[in-house]
Structures are given as structure tokens and as C-alpha cells.
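The values are calculated or read from the model by the stated rules, or taken from the named source; none is laboratory data. Nothing here was measured: the structure is a model prediction, and the numbers come from that model. We place every Cβ from the backbone using ideal geometry, glycine too, and count neighbours over all the protein chains shown.
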């Protein structure tokens, strides 16, 4: 029993290390996925989400035509690639990639300047809310009715399962914002 108590005492002190690890983890995810937005398959993969979003579809020139121009991951169809160029699929994705990499970088700069870390955390929260809205706006997030008994809500298709994971990013953003805010207040009270 004493060894369990010792282990729990040690675990209770992991909060600061846990927040640092969380900050690094979220940053790695944002920077990595942001960099992938410059690769055609990833740019094309976000098309259903953007095209169906009432808040984002204006980024595309032909949002209602995306279904007939979808490539499978790794597939090369010059006709579809040409359509994605005219649709602004790649231009939007490049901008999103830069934003995601910038968010990850802001989070990593927290130690140097917690205001920058707080900015990255706020953007992560906004991203989490925005991404979760795709569960409402994107039909592909739910299993379609193709004759099976399990379709529609609550049966998440692969894109829906991917989107649902942003609950974790949203929660991480809140934790990181609180940590950054503490850093800002600490610096302010110490006159730094």
C-alpha cells in the first residue's frame, strides 16, 4: 500500500510536465497536419467539409461539384486535379496549412512569451469548434443509408470519427489557454 501511495504522490506532481507534453503534442499535430495541407491528397480530403460548410464554402469556386471530382487517397486523376485547381481546393488548403503551422508555432513560443502561447490556444479552441461544426454540416460524417440497419446519427462514418477527435483539441486548447494566462499574469505581477 505504501508503494501505491508513493506512486500516487509522484503522479500528482506530473501536472506541469503533462501541460508541457500536451503543448508539444498539440503543436506537433498542428505543424504536421499543416505541412500535409500542401500535398494534393490532403488538400482534396478536406473538400467535403469546406464545400458543405455555410461558413467556408465561399473559399471554393464550385463547392457543389466536389462529389464528382473526388480522388481516393493516393489516386492520380489529372482531370480531377485540374478541377481542384480551378475550384481553389489547393489554394484554400495552402492557406489552412500555413494557419495550422502558425498555430503550432505560437503554442511552442509560450515559454518565451505566454501572450503568443495564449493566442495559439485561442486559435486552437476556435479550430476545435469550427471542426466540430462539420458533424452538422457534412453529410459524409454519418454512415449513409445503403440498406444497413445502422446509419445516420449516432453512427459516425470515418470522416465523422476523424472530426469527433477535435473534442480533444478543443479541451487541450482550453487547458493551454489557462496555462498561458497564468504565465501572463505571473509575468505581469513580477514586472517582467
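Here is how the numbers come out for the structure above:
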quantity: Selected residue [loosely packed, with under 13 Cβ neighbours inside 10 Å and more than 21 Å from residue 59 (Cα to Cα)] from 119, 189, 180; calculated: 189
quantity: Residue within segment 33-40 that is under 27 Å from residue 178 (Cβ atoms) and either surrounded by 11 or more Cβ atoms within 10 Å (Cβ to Cβ) or free of Cβ contacts under 8 Å to residues at least 60 places away in the same chain (or both) present; calculated: yes
quantity: Residue within segment 16-26 that is under 17 Å from the mean Cα position of the chain (by Cα) and within 30 Å of residue 88 (Cα to Cα) present; calculated: yes
quantity: Unmet criterion (only one of (1) surrounded by 14 or more Cβ atoms within 10 Å (Cβ to Cβ); (2) in contact with a helix residue (DSSP H, G or I) (Cβ under 7 Å, 6 or more places away or on another chain); (3) touching a residue at least 24 places away in the same chain (Cβ under 8 Å)) for residue 130; calculated: (2)
quantity: Options 100, 162; residue that is under 19 Å from residue 26 (Cα atoms), modelled with pLDDT under 95 and either surrounded by 14 or more Cβ atoms within 10 Å (Cβ to Cβ) or touching a helix residue (DSSP H, G or I) at 6+ places or on another chain (Cβ under 6 Å) (or both); calculated: 162
quantity: Where residue 89 falls short, out of the listed (1) within 17 Å of the chain's Cα centre (by Cα); (2) free of Cβ contacts under 8 Å to residues at least 60 places away in the same chain; (3) under 19 Å from residue 35 (Cα atoms); (4) surrounded by 16 or more Cβ atoms within 10 Å (Cβ to Cβ); calculated: (1)
